[in-house]
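Each remark here refers to the structure printed beneath this line.
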Amino acid sequence: MYKDINIRNREFYPLIIIILLLLLSGTVMSAMPEVPVPNENPITESKRILGKILFWDEQLSSDDTVACGTCHIVSNGGTDPRPATHPGPDGIFNTQDDVIASMGIAHYDENMQPIDDDNFGFQPQVTDRNAPSFINAMYADDIFWDGRARSQFMDPQNSEAVSIASGGALESQAVGPILSSVEMAKENRTWDDVIAKLISVTPLALATNIPEDMKQALEASSNYPDLFNQAFGDSIITAERIGMAIATYERTLVSDQTPWDLYMAGENTAMTADQITGWEFFQNGSGGMGGGMGNGDGPNCAMCHTPPLFTDNKFYNIGLRPAQEDAGRMEVTNNADDFGRFKTPGLRNIGLKSAMMHVGWITDTMDAIDFYNAGTNDVTSMHVQFTADQSALPNGNPNSPMQPPYSMVAVEINSEENQAKIADFIDNALTDPRVANETFPFDRPTLKSEITHPVNSGLNGAWFNPDTTGQGILIEVLPDSDKAFFAWFTYDTTTPDSSLPNTIGSTEHRWLTGLGNINMQDKSITFDVNVSSDGLFDNSRPVNTSDSIGSVTINFPSCSDANVDYSLLNNTISGSFPMIRISTENNPLCEQLLTGNVANVQKTLTVKENAKADAGMHVNSGLNGAWFNADTSGQGFLIEVLPETNKVFMAWFTYNTDLPGSNASSVIGDAGQRWLTGIGDIDTSTNSVAIDLNLTSGGLFDNPQAVTTSNATTYGNLTLSFDDCSTANVEYNITSLGLTGTIPMGRISNENIPLCEQLLK
């Protein structure tokens, strides 16, 4: 069983100790029972590490956005930290039957084409139950809230073949979500699809911060066939082996080093005095019946939350919602007595969870106590119990024949102080610090879909210099909280001012670009400046910010005007000039940032690096950017994605060039330099934006009046289509002039491309 454990590697010593103690001595710290391991799937190190890699690999899903671990984050008690709403059986959001549950993937057909889902549109779907914890799940005969993952594990690719006769609930559970068209799969996904994908991908290619044991395994075996060969003796990948590997990993995750475990092992100071009191109340049922009676004879928490697992792994209807909304266990057993019953959740690490019970809207332990007290006559509760099909409590006192219903349970109704002590015991004394801190064996990589960036996108925008007849700056805030890219376009004017940077280098039209740090305390951005692609508008090579030729600092006294201080070419050219913002669309967010509400803004404006993994946030800021038209010698675009929406503001600057194309947009309107602006919606299914156009401030660069697109008169329309993250096409229809055509665009900066690529998948 242990032949391929590398005992020479110190990194695996803790694992060896865990496995030997679990399988040979049967207990850890004498509290938890022996881990049940089916004979058909013995624990080996190579199988454990394969299971760990599979569990945390988002590539196991059809669209690379969901891993098994996505809904089972360790530091959240092994459950999902992302609140998402399912509308419940009535299909209507914001009604009483809503469930707070887990996001899966967007709805795709079998060809991976997005489907406009009835409930969730093109956003990720949400499951109809809150995700239970996977930690310590190996002790249950049947797994999931309704126990549908059965002890007998059938070969997923051969429904007639028994892979594990008994004790295989973990294996049964592991293979379920992978083919679920809500959780991880496109419609009609097959195991052949899954296996073909695993053969083709690099394991954990999307993850970062990979733990050492996983890293070493991947250095030795860089693809899944090799990893399966190490674990099973040959490189064949099957659904059965996928389930067995993931289950093996889960069987090593025994949470048994809580303060309560230490206390029970004889360390009297491991729990605080309040926690010890809470532990006593937990066991003896003090305050048990509806009138506050009990004194040890009534119901107590331990009747169902039985130590040391703090669950009996049985099924009850406690009256959270009417059973007609979710039949629960009865859907599995077809037994009418199981109507509306769900498994007793284990209380270990429950203090880390952000949502509790199968409905997910029980927020914490005190809220759960409040629910149990809802059935009494002398307590005010925010909850209601639905008693029609409630279960009777198990008979915890052999001297009493009484089996009270849940509606008569009360938890220290006469003492909020005692309730707090019980909650302290449950939340803190039952929390394993290794789980809370995600240390071995509970360590894990960082998932691509959970990387978040506070977005200061209120500073995004198109700005122009009213002191000249043609000069502007495009600011593109990068989604990493403190960096911004800018594109500064300069070109000859009728009477150029020699002190202004439009004469830098030559008299050609130029981009000057830079990358800088946002200083919210000083309300400024300081950029290192370079000349982009030799500076010419018609040079198609995008810029990588490097090779500084100087610096620029932009100060924002308000959200509609700014000051630019520049020092270029070894300070041989320096000066300052004012700027005016073209669009007011981002000003409300900008005002929050500039008034010091940065923490609140960053808390609410958090964009997933894989935005499709978060149904509650629509900041597709990977599309932000400065773009130019390589077919003319002077024309450009700014795409400014508005936060918390699917809307885009666009600024399109056009002006005369020496040799404009016969149908070039540089001649739109008249011979003067112009801004054309517009606002439109992102269509994530086609990676395009349709925009209504208007002329900003009469269209002239030197007109200082800012535009509000919501009050603009439509001048025409255009559609931006993104083939990829570095090229796009603009199909325009200027109705007032009868001009139509298509313009190719190239992106100036590479800075936002990694995020953009995730969004366009």
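Below is a table of values for the structure above.
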| item | result |
| --- | --- |
| Cross-link pairs beyond the 21 Å C-alpha cut-off, checked among Lys47/Lys343; Lys52/Lys448; Lys483/Lys523; Lys197/Lys353; Lys47/Lys215 | Lys47/Lys343; Lys197/Lys353 |
| Estimated distance in nm for a label pair at Thr208 and Asn94, the labels positioned 7 Å out from Cα along Cα-to-Cβ | 3.6 nm |
| Under Karplus coefficients 6.51, -1.76 and 1.60, residue-wise ³J(HN,Hα) of the range 194-201 in Hz, glycine/proline x | 4, 5, 4, 5, 4, 5, 8, 9 |
| Spacing of the two label points (7 Å from each Cα toward its C-beta) at Asn188 and Asn119, in nm | 2.3 nm |
| Stretchable slack from Asn223 to Glu416, in nm (0.36 nm times residue separation minus alpha-carbon distance) | 63.9 nm |
| Mean Cβ count within 10 Å, highest first, over the residues of peptides 62-75, 241-254 | 241-254, 62-75 |
| Peptides ranked, highest mean first, by Cβ atoms within 10 Å: ranges 258-264, 635-641 | 635-641, 258-264 |
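Readers should treat all values here as calculations from the given coordinates under stated rules, not as data from a laboratory. As the structure is a prediction and not an experimental result, all values here were calculated from the model. Glycine gets a Cβ as well: all are built from the backbone with ideal geometry, and neighbour counts include every protein chain shown.
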